[in-house]
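Visitor: Structure incoming, see below.
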Amino acid sequence: MDENEFLAARFEESRTHLKAVAYRMLGSLSEAEDAVQEAWIRLSRSDDRQIDNLGGWLTTVVGRVCLDMLRSRRSRREEPLEAQTPDGHTPDPVLGPQPGSDPEQQALIADSVGLALLVVLETLDPAERLAFVLHDMFAVPFDEIGRMVDRTPAAARQLASRARRRVQGVDPAPDPDLVRRREVVEAFLAAARGGDFDALVAVLDPEVVARSDGGAGAPSLVRGAASVARQAMMFAPFARSFRMALVDGALAVISTREGHRFSVMRFTIERGRVTELYVINDPARLPELDLTVLND
C-alpha cells in the first residue's frame, strides 16, 4: 500500500463521522456528501502527510467547509414559496434505512437528529450553528471552534450557549428586522436624551428587565417599565455620545471615553419593544466583547 492508498484508507475510517458532522451543519444529505468530498480533496492536496490527529483535522476542515456553505446559502437569500427557515432551506429528513442501503448510510440514520431539531438549527446564525454542533454534539474544544470563526474561545462559548438556549426553546425570539430593531433603540435613546418619561415607557415592554454587571460596584437588577424608565433618565449623558453596534447578533450601544470603551448596553427586542437591557461596564470584560460597529 503506497502513501496515497494509506491516506485514503484513513480517510474512509472517518467518513461516517464526517458525514454526520456535515449533515447536522447543513441539514442536507447531498450537501453533506459535497462537504466530505471537499475535505478529501483538501487532504489529498495537503503537503503535510504526517497529521497526528487526522480525525480532528478532518472535523475542523469539514466544519470550515460547512460554515462557508451556510454563509453562501444565507447570502443568496433564496426564498422558495414553501421555505420553512430564514434562509429558505428546508432540511432533508432521514426517514429510516431503505432496502439495500449501505452500512455507512444506516449508521448515519441510526445516529441522526430529528427533523424538528434540524429546523431549529436552520434558524441559527452560521457561527452559532457551528459552535453548537461541534461542541455540544461532537465535543470539539472552544479554542478550536474559535479559530474556525475567528473569535476568542470565550466568544465561541457564548455562541454555543446562545444556540443552546434557542434549541431548548427558552431564548426569546428577537425581531428579525435589524432596521426595525434599530428604530426601537434609537427611540429609546431619543427619549432618554430628551428626558421624556412617557416615551421611554412606551418603548419598553411592561415586564422589561435591566441588568448591570456592576463594573467596580455590585451587579444590579431592575424590573418593570416604570422603574427601568426612571433609571434610564440618568442615561442621558451616555446617550449623547454613542456608537451603534452588534454584540453577538444583538443591538448594542457603545460609549467610549478617551478612545476606550467604558460601557456597552445590549438590547433584547421583541415585538417592537425592549424586553431586556444589559449594561456591561466591567473593564475586564469590555475588551473581550465581540463587537461589530454599525454605520451611522
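The values are calculated or read from the model by the stated rules, or taken from the named source; none is laboratory data. This structure is a prediction, so every number in the text was calculated from the model and none was measured. Glycine gets a Cβ as well: all are built from the backbone with ideal geometry, and neighbour counts include every protein chain shown. Just so you know, the surface numbers come from the protein's heavy atoms only, side chains and all, with ligands and any DNA or RNA stripped out. Shrake-Rupley method; radii C 1.70, N 1.55, O 1.52, S 1.80 Å.
Visitor: Can you give the convex hull volume of the alpha carbon atoms of the stretch 1-70 per residue, in Å³? Mind dumping the intermediate values first?
Guide: Numbers: hull volume 5.4 nm³, N = 70.
Per-residue hull volume (Cα only) is 76 Å³.
Visitor: In nanometres, what is the gap between the two model label sites at residue 291 and residue 193, each 7 Å from Cα along Cα-to-Cβ?
Guide: 1.8
Visitor: Determine the principal axes of the Cα atoms in the stretch 127-206, then give the extent along each, sorted from largest to smallest and rounded to whole angstroms.
Guide: That gives 50, 26, 18 Å along the principal axes, largest extent first.
Visitor: Accessible surface of residue 221 in the full protein assembly, 1.4 angstrom probe, to the nearest 10 Å²?
Guide: 90
Visitor: So who's got an amide H within less than 5 Å of the one on residue 262, skipping anything under 5 residues away but keeping other chains? H placed 1.01 Å off N, in plane.
Guide: Those lying under 5 Å, H to H, from residue 262 are 255, 256, 257.
Visitor: Determine ³J(HN,Hα), in whole Hz, for all residues of the stretch 150-163 in sequence, where each value follows from phi through the Karplus function 6.51 cos²θ - 1.76 cosθ + 1.60 and θ = phi - 60°; x replaces Gly and Pro.
Guide: Values, residue by residue: 6, 9, 6, x, 5, 5, 5, 4, 5, 4, 5, 5, 5, 5 Hz.
Visitor: Testing the spin-label approximation: label points 7 Å from Cα along Cα→Cβ at residue 33 and residue 179. State their distance in nm.
Guide: 4.1
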